[in-house]
Amino acid sequence: MDEQPLDQQQARRAIEALRAGVPNRDAVSALGSAAPEIEERFQNLLSAGQEQTPEIPGPAGFLLAGNFGSGKSHLLESLQHRALAQGYITSKIVISKETPLYDPIKLFRTAIGAAVVPRRRGSALALLAEELNPRDRPFLDFYTWVQQTRPEVLNQRFAAGLNLFEDARHHDPELFERILSFWAGDPMQIGDLKRALKARGERATYLFDKIDPRGLALQRFRFAARLMLAAGYKGWVLLVDEVELIGRYGLAQRGRSYAELARWTGGIKGEAYSGLLTIFAITSDFETALLEMRHDRENVPNKLRASIREAEQALAPHAERGMRLIGRPLRVPAPNRNTVRRAFEQVRRLHGLAYGWEPPVVGSAPFATSTSMREYIRWWITEWDLKRLFPDYQPEIEATPLTIDYSEDEDLESPDEPPSHENGQDYQGEGWPPPGDWNDSFTGSHTGARSLTAPDQG
């Protein structure tokens, strides 16, 4: 990514981000990226994605690895700018207690909430709803796909909601907001859909069958990515950082996480998500610490295959694919003397612009292949900060190695299984679903809606 000149305010924001070790747009614009091979691989995937059609899913993604402080987060920020510039909607996701990799429900909520639309600000779904044009061919193709896709691939709540979408956008703001909320991950009461369809005199037949929360979340990823294509964007890029946190999960949750790595990088047959591209970032020592020293390669699939749950047994080969992916990531290059010298001059100019002075030549962390770029940069900035305030002071800086903790932490785990959906209603917690006959079909009068005998598509 080409470096861009910054003003003083942007330079200060960049220095603050570099000082904290959390790269932002200004820091990336000032320093660019030092991983040309990864940038090229990403660009090839973007280009391939632009040539795909909804019927032919594009490439799914890859995993990159680097030492702590090597610039993985900086690189993801750079990739995000590249994708946005080429018309992709992007979401940066940090794996955490609130967003565990093994839970697609929370992963989707985080992804759609963090989605950034090129050249626009605001809620991605609200912006997409504004831009959808029911008379355009991309929307008509999307509508046909939603209405005719098999219910096991896309639950008919999506078809019914999209059927109501255009009329609700103009005449029923409350229903319109409920439809958008459902797309964003909230429950959608079937009674609301029934009443709205009946009020419009629809005669389409929809079967609101049971679906578990995880399955519905995965369908939301599929629906949202196609929605973005229908609105005229090139696709949806997910940039997932700090994947190494899965090392602190218990064995079963690690197994599910490995399977999710396989899913989102195209490693599960029949699990293609058209328009979706996912990049994961993980620490380089994860393979040694977890797959080898903790014997996850053997223990995880054995644990899954020994489960009494068929769903967990089926995860075993997917988890194995995810672990193989961890064994062959794209490596973030370690800084060499030329990249260190280049970074020194860039950060020196940036610090000078930020504070209106001429930073002197200062010391540096010892050059070694184990020294991260973050360590170099924070060393320089710390010394310049002190020199600017106390010109005669001679600071002595000491770097302390950081050891990554991969010990299991029960606080990072959710209950083993969320309650299943009952009678076709989305689970909302204790007391749901309400009593009543929810598992049925509804008839109303729209000739363009999906027939239950339509040919399989999607």
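The values are calculated or read from the model by the stated rules, or taken from the named source; none is laboratory data. Predicted model only: the values in this text are computed from it and were never measured. In this analysis, Cβ positions are derived from the backbone assuming ideal geometry, glycine residues included, and neighbour counts consider all displayed protein chains.
Some points to look at:
- Screening the candidates 246, 211 for the property of being at pLDDT below 90 and either in contact with a Lys or Arg (Cβ under 7 Å, 6 or more places away or on another chain) or of a type in the set (Val, Ile, Thr) (or both) yields one hit, 211.
- Condition check for residue 287: out of contact with any Ser or Thr (no Cβ under 6 Å at 6 or more places or on another chain), under 30 Å from residue 252 (Cβ atoms), among the charged types (D, E, K, R) and touching a residue at least 40 places away in the same chain (Cβ under 8 Å): yes
- Residue check for residue 323: touching a residue at least 12 places away in the same chain (Cβ under 8 Å) and either on the phi > 0 side of the Ramachandran plot or not assigned by TED's automatic domain parsing to the domain that holds residue 240 (or both): no
- So residue 130, is it out of contact with any strand residue (DSSP E or B) (no Cβ under 8 Å at 6 or more places or on another chain), among the charged types (D, E, K, R), more than 16 Å from residue 220 (Cα to Cα) and free of Cβ contacts under 8 Å to residues at least 60 places away in the same chain: yes
- In the set 368, 354, 343, only one residue is more than 28 Å from residue 331 (Cα to Cα), outside the structural domain of residue 66 (by TED's automatic domain parsing) and hydrophobic (A, V, I, L, M, F, W, C); that residue is 354.
- Looking across the range 89-146, the residues that are outside any helix (DSSP H, G or I), in contact with a Ser or Thr (Cβ under 6 Å, 6 or more places away or on another chain) and either among the aliphatic types (A, V, I, L, M) or more than 30 Å from residue 23 (Cβ to Cβ) (or both) come down to 93, 101, 114, 115, 116.
- Checklist (1) surrounded by fewer than 18 Cβ atoms within 10 Å (Cβ to Cβ); (2) of a type in the set (D, E, K, R); (3) at pLDDT 95 or above applied to residue 220, failing item: (1)
- Matching residues in the range 263-284 - criterion: being modelled with pLDDT under 95 and either surrounded by fewer than 17 Cβ atoms within 10 Å (Cβ to Cβ) or of a type in the set (D, E, K, R) (or both): 269, 270, 271, 272
- All of 304, 227 fail the test of being within 24 Å of residue 97 (Cα to Cα) and modelled with pLDDT of 95 or more, apart from 304.
- The single condition among (1) under 30 Å from residue 406 (Cα atoms); (2) among the acidic types (Asp, Glu); (3) not assigned by TED's automatic domain parsing to the domain that holds residue 61 that residue 260 does not satisfy is (3).
- Beta carbons closer than 8 Å, at least 6 apart along the sequence or on distinct chains, never pair a first residue in the range 220-234 that is within 12 Å of residue 154 (Cα to Cα) with a second that is among the acidic types (Asp, Glu) and part of a loop (DSSP other than H, G, I, E, B).
- Test: residue in the range 197-214 that is of a type outside the set (A, V, I, L, M), within 23 Å of residue 98 (Cα to Cα) and out of contact with any His (no Cβ under 8 Å at 6 or more places or on another chain): yes
- Cross-chain or 6+ apart pairs with Cβ under 7 Å, the range 172-194 first and acidic (Asp, Glu), then crowded, with 18+ Cβ neighbours inside 10 Å: 192/178
- Only one of 116, 146 that is within 19 Å of the chain's Cα centre (by Cα) and either assigned by TED's automatic domain parsing to the domain that holds residue 282 or surrounded by 17 or more Cβ atoms within 10 Å (Cβ to Cβ) (or both): 116
- Of the candidates 210, 234, the single residue that is of a type in the set (Lys, Arg), more than 24 Å from residue 322 (Cβ to Cβ) and touching a helix residue (DSSP H, G or I) at 6+ places or on another chain (Cβ under 7 Å) is 234.
- For the range 1-12, the candidate set comprises residues that are buried (at least 17 other Cβ atoms within 10 Å of the Cβ) and at pLDDT 90 or above; within that set, the residue that is nearest to residue 81 (Cα to Cα) is 10.
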